[in-house]
Amino acid sequence: MAETKAPNLDHPVFKVVKEAFLSKSFHATEFRSQSTLIVAPADLHEVLAFLKSDPRCDFNFLSDIAGIDYLNYPAKTAGRFAVSYNLISFSRDDRFFVKVFLDPTLPTVGTADDPALNLDSVTDLWPGAEWMEREVFDMLGIRFRNHPDLRRILLWEEYPAYPLRKDYPVRGRGEREHYRVVDRSSS
């Protein structure tokens, strides 16, 4: 029987962030030797800017931004949606995750702009975040304030929903039945 390893929350970045933001509250997790810092939505941009610019952290590369829908998740979470930032420090060959939870205040069906599903864009810190933020917006409906070009990237602008939300029907809402078939003679 394999031995269960206790979480190692001794990642040096946890201590640095805690010292830099004494008045803020954070949560930390570790899973399979990957460390995650959970921050409040209002503190996200400030913490990410610190992680990038402070030489003790030096997370100079944003590898990925992922949106997650925790609807009907078996364990309790801090919100229905989460956005996770995958940061890399090349100088230390270190990977670190920052996650923020969001809970909608409006019904999640449709294209309503729920003020609770807004985060500050990090395109001013990492210009490559532009397309990743657009994908999270397009698939889950989470908007990014101060984004230079927040519009759909995979679906057409008038698309009425967000397909990666877990309350979206698996078979879609009739999109396939309404496609106009294009063949060689009609193009």
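Restricting attention to region 94-135, the residues that are over 13 Å from the mean Cα position of the chain (by Cα), in a strand (DSSP E or B) and within 22 Å of L155 (Cβ to Cβ) total 0.
Could you tell me which residue of region 136-178 is modelled with the lowest pLDDT, considering only residues that are outside any loop (DSSP other than H, G, I, E, B) and charged (D, E, K, R)?
Residues of region 136-178 outside any loop (DSSP other than H, G, I, E, B): 136-140, 143-145, 176-178.
Checking which are charged (D, E, K, R) leaves us with 138, 143, 145, 176-177.
Working: D138: 95, R143: 95, R145: 96, R176: 61, E177: 64.
Applying the filter and picking the extreme gives R176.
Is it the case that D93 is touching a strand residue (DSSP E or B) at 6+ places or on another chain (Cβ under 9 Å), surrounded by fewer than 18 Cβ atoms within 10 Å (Cβ to Cβ), acidic (D, E) and under 19 Å from S35 (Cα atoms)? For D93, the condition - touching a strand residue (DSSP E or B) at 6+ places or on another chain (Cβ under 9 Å), surrounded by fewer than 18 Cβ atoms within 10 Å (Cβ to Cβ), acidic (D, E) and under 19 Å from S35 (Cα atoms) - is not met. Against the definition (at positive phi, touching a strand residue (DSSP E or B) at 6+ places or on another chain (Cβ under 8 Å) and at pLDDT 95 or above), how does N86 come out, yes or no? Considered against the rule, which asks whether it is at positive phi, touching a strand residue (DSSP E or B) at 6+ places or on another chain (Cβ under 8 Å) and at pLDDT 95 or above, N86 comes out as no.
Quick one: which strands (runs of 3 or more DSSP E) sit completely within region 11-93 and have at least 3 residues that are within 13 Å of the chain's Cα centre (by Cα) and under 24 Å from A129 (Cα atoms)? Before the answer, list the steps.
On the way: elements: 27-31, 34-39, 61-69, 81-89.
Filter on region 11-93 gives 34-39, 61-69, 81-89.
So, in region 65-109, exactly how many residues are of a type in the set (A, V, I, L, M, F, W, C) and in contact with a Gly (Cβ under 9 Å, 6 or more places away or on another chain)?
We begin by selecting, within region 65-109, every residue of a type in the set (A, V, I, L, M, F, W, C); these are 65-66, 68, 71, 75, 78, 81-83, 87-88, 90, 96-98, 100-102, 106, 109.
Remaining after also requiring in contact with a Gly (Cβ under 9 Å, 6 or more places away or on another chain): 81-83, 100-102.
The total comes to 6.
Looking across region 53-90 at every residue that is free of Cβ contacts under 8 Å to residues at least 60 places away in the same chain and charged (D, E, K, R), the one that is surrounded by the most Cβ atoms within 10 Å (Cβ to Cβ) is identified as R80.
Looking across S89, S84, one residue alone is closer than 28 Å to E30 by Cβ, in contact with a Cys (Cβ under 8 Å, 6 or more places away or on another chain) and small (G, A, S). It is S89.
The values are calculated or read from the model by the stated rules, or taken from the named source; none is laboratory data. These numbers come from a predicted model, not from an experiment. Quick reminder, even Gly has a Cβ in these numbers, built from the backbone with ideal geometry, and neighbours come from all protein chains shown.
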